[in-house]
Structures are given as C-alpha cells and as structure tokens.
Amino acid sequence: MTGLPKYKLKDVIDKDKLEEILKKFSEATGLAAIIADKDGVNITAPSKFTNHCNLVRSTEKGRKYCYISDAKLGRLSLQKGGPATSVCHCELVDLAAPLVVEGQCLGYILCGQVFLKPPDEEKIIRARKRALEFGLDPDLYLKSFLDIEIVPENYIYTAGEMLHIISNYIIELGINRLYQERLLEETRRRSEYENAIKSLELKALQSQVNPHFLFNTLNTAARLAYLENANKTAEIIYSLANLLHYSLRNLDQLVTLKEEISCIKYYLYIQQIRYRDHIKATIQMPDELEKYLIPVMSLQPLIENAIVHGLEKKKEAGSVNVLVYEKNTDIIIEITDDGVGIEEKMIKILKSSNDAINGHTTGLGIHNVDLRIKRYFGPAYGLNIESKLGLGTKVTVRIPKCLER
C-alpha cells in the first residue's frame, strides 16, 4: 500500500456494506454505532441511535456539539492507538476507535450512548439546563435522558473492540479496490495483460475472509458476550484479529509452514465456535517441516472451501483434516473433508478464474493458490482436487522443500 495517494474516508469505504455491518452490530449488542470523518461529521447513517441523541441532533446547536464531542473522542482514540471511552457533552458514555490504513487516519468509528450507572440528581439538573440551551422542551428532553440504557463498562469496550477490527478490515478492502481499479486502467493502456492479472489476483486474495463470514463471527461473539464472561469472547476476538492481520500482509512473499498453519488454526477456532459440534478439525505436521516456505495465504482458502462447499451443506457433523508430510524432495499437504463432495463441473470452476465463479471468493482463492504456487516453484507444483459426491473431498498441495525467501 506504500505510495498510495491520501484518500478521504467517503472515497474509500463501501458505505452500504459498512452500514450493513453497523446494523448487525447494533441488533446483536443493543448499542448505537456510527462512522464519522476526522471532523466528527457522520459518514454513515446512524444505527440504533437513542431517542435522546436524535433529539439533541435535531437542533443545530446540539448537532454541532455532537460533532465536536465525537471528533474530540476520536482524536483521543488515535492518541491511544485503539478504543477509548469518554463522556460526551450530554454526559453519555461513548467509545471511539480510529480507522487507520497504512498509518493514515481516515476517521473514527463510534458507539455507545449509554450510562455506566444511573444519573444522580446533579446530572438531572444539568440535563434540564442543556435542554433550554438547545431550545428543547425540558420535560421531553429529561424523559429521553432517563431512558438511556445502563451497561457495564467492559461490555461496551468489548463490543467496540470487535467493531474496530471489522471496520478497519472493510476500510482496507476499500483501499485495495481503489488500488486495483487504478492499476487495471494503467495496465490496459500499456497492454501488459499478464502483469495486470498477477497484481490483481494477489490483491484479491486479501479479501479471502469474506464479509458473510465476518457478519456471522460478529454475531457469534456478541451472543457469547451475553451468555458468559469475557474470557471466551476475548479468545474469539483475539483469533479474528490475528487472522485479519495475517490476511492483510504483503501477499507477494513466502512464509514458513509454521506461520501458515497458525493462520488456519485461528480460522478453524472461529468456525468451531460458530458451528459448535457440527465441525471438527485436526492438524498434523511434524515439527521438522515447520521451517519450509509456502506462499502466504495458501491454505486458508482451501480450508474455507472445505467448510463452505463440503461441511456447511452436510446435515450431520463433519470434519476437516490437515496432514503435512514429506515425500522425497517435496512437501505434501492434504486437506481432507468428509462433506457432501463436489460435482466434477464445480471442480473445474474452482480450478478456473472465469466468470462462472460469480464472485465467490473461495473459487477465486483456489485458482489463485494454484497459480501462485506454480509461479513460485514451477508447473510441477500446485493443487490437485479429488472428490466423490456424498463422501467428501481431498485437496493435495505439493510444494518443494524451500528454505530461501
């Protein structure tokens, strides 16, 4: 991403997609949420805003103070380097997290509009004074003020942490989209078709963890926060954060098998939380093979394909197994599932990059994995897919014993 021009938040985000995430977040947690630029001005439509905040923002003065308050809290979160809580000008607790892409702060995500404890008499007196200052009916204002929900402090912080992770991921995808559009335009003018395809395919891999999966993960994590203490919720957020961080690495590089296996462990942990006992997974790899190199983000698309095309459609419980072993001068990685299997025509689609995939990221990902392995190591290496309907699928990855990056 180095060398990209500076963008404004509204030029980068997919507004509809981000608003959909905010809506699902609010439905799951009961917290209001919004995206604002660096000046505190709303970029997305408010999600589950309280009657009180809508009332305040209906006045010019109240709306101005809200923007100032949001911008101030956003700057505090930027200085802190992550989520920060504060009391707004109406004495409600809000939380903000900076939206930072490659060191550039594009704005903030804010949520909250809650109390940590019931307002005392002094707060109520100040609330009546604010109503007059905004030109609002004091009784109407006070009623909406006293209707504000009371939540534990750790709950709003945990929810904000989740939204921070998801939103930064969406922002990163927006930057990638702009980058790809400009690169494609330039390469078409120069007729460098092969270079254009290579660059776009590498960038496209950064969206392997698709938004549908993120939505389900967010809802799963939110439900866990309701049902149990923060420990398990922290684990799933931690796994998601590490998975996203890994998936956004520079994809034109090699990593060790140890790093790549760690990535799929994070992914499998989240999926096993989501599906409970419906999906089981095992990973077997001798320690002496951990040092060998593989193109980054080669295995996660294959695991995702096993779950999406194999196990999700299976009524009873299923399993996906990863086996890594050496064969002469090569490393063999077998990813096997006992799912519903794949039809022969679908296998051909998964191996291709044509329009028949209809934008499904797992199909695009499998083709890219095979293509990238061949580009690094030669035509003798890559993927092989075997499947039988009703029995399952095995994807075999062959790479050489490579130690030099």
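The values are calculated or read from the model by the stated rules, or taken from the named source; none is laboratory data. Just so it is clear, the model here is predicted, and its values are computed rather than measured. Backbone-built Cβ (ideal geometry, glycine too); neighbour counts: all protein chains shown.
Can you confirm whether the stretch 302-322 contains a residue that is aliphatic (A, V, I, L, M), surrounded by fewer than 17 Cβ atoms within 10 Å (Cβ to Cβ), closer than 17 Å to Asn384 by Cα and modelled with pLDDT of 95 or more? For the stretch 302-322, residues aliphatic (A, V, I, L, M), surrounded by fewer than 17 Cβ atoms within 10 Å (Cβ to Cβ), closer than 17 Å to Asn384 by Cα and modelled with pLDDT of 95 or more: absent.
For Leu146, are the conditions met, namely being free of Cβ contacts under 8 Å to residues at least 60 places away in the same chain, closer than 16 Å to Cys88 by Cα and in contact with an Asp or Glu (Cβ under 6 Å, 6 or more places away or on another chain)?
No, not satisfied.
Restricting attention to the stretch 261-275 and to residues that are closer than 11 Å to Leu299 by Cα and without any contact (Cβ under 8 Å) to a residue 40 or more places away in the chain, the residue that is surrounded by the fewest Cβ atoms within 10 Å (Cβ to Cβ) turns out to be Ser262. Count of the stretch 61-96 residues, restricted to those that are over 23 Å from the mean Cα position of the chain (by Cα), small (Gly, Ala, Ser) and more than 11 Å from Gly40 (Cβ to Cβ), is 2. Against the list (1) farther than 22 Å from Tyr246 by Cα; (2) out of contact with any His (no Cβ under 7 Å at 6 or more places or on another chain); (3) at pLDDT below 90; (4) not hydrophobic (A, V, I, L, M, F, W, C), the condition Ser352 fails is (2).
Residues in the stretch 74-102 that are in contact with a strand residue (DSSP E or B) (Cβ under 9 Å, 6 or more places away or on another chain), surrounded by fewer than 19 Cβ atoms within 10 Å (Cβ to Cβ) and in a loop (DSSP other than H, G, I, E, B): Gly81, Gly82, Glu91. Among the residues of the stretch 387-405, those identified as within 31 Å of the chain's Cα centre (by Cα) and either surrounded by fewer than 19 Cβ atoms within 10 Å (Cβ to Cβ) or in contact (Cβ under 8 Å) with a residue 60 or more places away in the chain (or both) are Gly392, Thr393, Lys394, Val395, Thr396, Val397, Arg398, Ile399, Arg405.
Every test in (1) modelled with pLDDT under 90; (2) not in a helix (DSSP H, G or I) is passed by Ile335 save one, and that test is (1). Taking the conditions (1) within 13 Å of Leu92 (Cβ to Cβ); (2) touching a residue at least 40 places away in the same chain (Cβ under 8 Å) in turn, Asp37 satisfies each one other than (1).
Within the option set Asn231, Asn210, being under 26 Å from Gly392 (Cα atoms) and either polar (S, T, N, Q) or modelled with pLDDT under 75 (or both) holds for one residue only, Asn210. Which of the residues that make up the stretch 311-326 are within 15 Å of Arg274 (Cα to Cα) and among the hydroxyl-bearing types (Ser, Thr, Tyr)? Matches in the stretch 311-326: Ser319 only. Within the stretch 40-73, the set of residues being closer than 21 Å to Met162 by Cβ, crowded, with 22+ Cβ neighbours inside 10 Å and touching a residue at least 40 places away in the same chain (Cβ under 8 Å) comprises just one member, Asp70.
Closer than 26 Å to Val12 by Cβ and not basic (Lys, Arg), is that true of Cys105? Yes.
As a summary of the residue check, Arg63 satisfies the conditions (1) in a loop (DSSP other than H, G, I, E, B); (2) out of contact with any Asp or Glu (no Cβ under 8 Å at 6 or more places or on another chain) except for the one numbered (1). For the stretch 355-386, the candidate set comprises residues that are of a type in the set (Gly, Ala, Ser) and out of contact with any helix residue (DSSP H, G or I) (no Cβ under 6 Å at 6 or more places or on another chain); within that set, the residue that is modelled with the lowest pLDDT is Gly359. One residue is enough: does the stretch 166-189 have a residue meeting the conditions under 28 Å from Glu19 (Cα atoms) and outside any helix (DSSP H, G or I)? Checking the stretch 166-189: not a single residue is under 28 Å from Glu19 (Cα atoms) and outside any helix (DSSP H, G or I).
Does any residue of the stretch 149-156 turn out to be part of a strand (DSSP E or B), modelled with pLDDT of 90 or more and surrounded by 14 or more Cβ atoms within 10 Å (Cβ to Cβ)? No - not one qualifying residue is present in the stretch 149-156.
Evaluate the stretch 120-140: report whether one residue or more is under 20 Å from Ser26 (Cα atoms) and out of contact with any Cys (no Cβ under 7 Å at 6 or more places or on another chain).
Among the residues of the stretch 120-140, not one is under 20 Å from Ser26 (Cα atoms) and out of contact with any Cys (no Cβ under 7 Å at 6 or more places or on another chain), which makes the answer no.
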